[in-house]
Each structure stands twice: as C-alpha cells, then as structure tokens.
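Let me begin by presenting the structure, written as structure tokens, before commenting on it.
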Amino acid sequence: MAYTNILVAVAVTPESQQLLAKAVSIARPLNGRVSLITLASDPEMYNQFAAPMLEDLREVMQEEIYDFFRQLEQEAGYPIAQSFIAYGEMSEHILAMCRKHKFDLVICGNHNHSFFSRASCSAKSVIGSSEVDVLLVPLSGS
C-alpha cells in the first residue's frame, strides 16, 4: 500500500529523528505529506501555586517544542506539512487527527524492551484505537 499522508508521533528526544527518517523514506517516493504530533506536559501538573506564571510557562514550553520541530525538519531535509502539540491522552489526539486530516499512516516509536514496559506501552493504546495503519518503529537508546 502507498502512504501519502503520514502522522509521526515524536517526543523531544534525539530518537525522534529515526521516526522522521522512516516517514520521509515512505513519503518521498510519492511526494507524500509528513506531519508531526507530540505530547506536551501541562504546566499545571508541576506547581498549582504558580498560577500567574502558568501561561508564560506554557508559551515557553510550546516555543521549545516548535524549535524542536524546526530542527527535525531541517535534519530530515523534507518539508513538514503540519505540526501539532497535544495535551492529555495521545491516542485520543491521534485518532481525532487521523479523522480530521485524513492521515493514512501513523508512525510511533517503541523503547520498550522489558516485560513491564511493554505492558504499559503508550503505543499500545494508539494501535488499539487507530482506524489507520500504524507502524511501530523500535528505537535504539533506552
């Protein structure tokens, strides 16, 4: 099957370049679209007493993520169609994004090598709820 609209779930880690490289290798022959999604921590989780500073903290965190997205795109040498920052449950956001933007493939990474980490793998919920194909890429570096 040819995939032309790919969503890549990344984290702000060096291993995300592996995921993007895989997406580019699939998309490039058909001049397909590649988009990124990441899960951001909600600053309210860190300190409930810092309410006046939360909006500034959220903006700083988002800017760091967008800088990371730009760095990934630069290293990949392939245009990123869209970039999304999600808060909450990743699988719910991926499902909604696939429906709204008609993605035909989701690429996720997997660091999980032990029994316990495989049992709680976040990619498991993505695979379980996805309505499109999901490619799970094993990532080196734990």
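Annotation note: of Ser117, Ser91, Ser129, Ser125, the sole residue that is surrounded by 12 or more Cβ atoms within 10 Å (Cβ to Cβ), touching a His at 6+ places or on another chain (Cβ under 9 Å), modelled with pLDDT under 95 and of a type outside the set (A, V, I, L, M, F, W, C) is Ser117. Of all residues in segment 38-52, at least one satisfies being at pLDDT 85 or above and either crowded, with 18+ Cβ neighbours inside 10 Å or not hydroxyl-bearing (Ser, Thr, Tyr) (or both). Lys100 falls short on exactly one of the conditions (1) at pLDDT below 95; (2) open to solvent by 60 Å² or more (accessible area, probe 1.4 Å); (3) assigned to a helix (DSSP H, G or I); (4) out of contact with any helix residue (DSSP H, G or I) (no Cβ under 7 Å at 6 or more places or on another chain), and that condition is (1).
The condition of being outside any helix (DSSP H, G or I), at pLDDT below 95, within 17 Å of Ala9 (Cα to Cα) and touching a Ser or Thr at 6+ places or on another chain (Cβ under 7 Å) does not hold for Ile65. Filtering segment 14-36 to residues that are of a type in the set (S, T, N, Q) and open to solvent by less than 90 Å² (accessible area, probe 1.4 Å) leaves Ser16, Gln17, Gln18, Ser25, Ser35.
The values are calculated or read from the model by the stated rules, or taken from the named source; none is laboratory data. Quick caveat: nothing in here was measured; it's all calculated off a predicted structure. No Cβ is skipped: glycine too gets one built from the backbone with ideal geometry, and neighbour counts run over all protein chains shown. All accessible areas refer to the heavy atoms of the entire protein, side chains included, with ligands and DNA or RNA removed. Shrake-Rupley method; radii C 1.70, N 1.55, O 1.52, S 1.80 Å.
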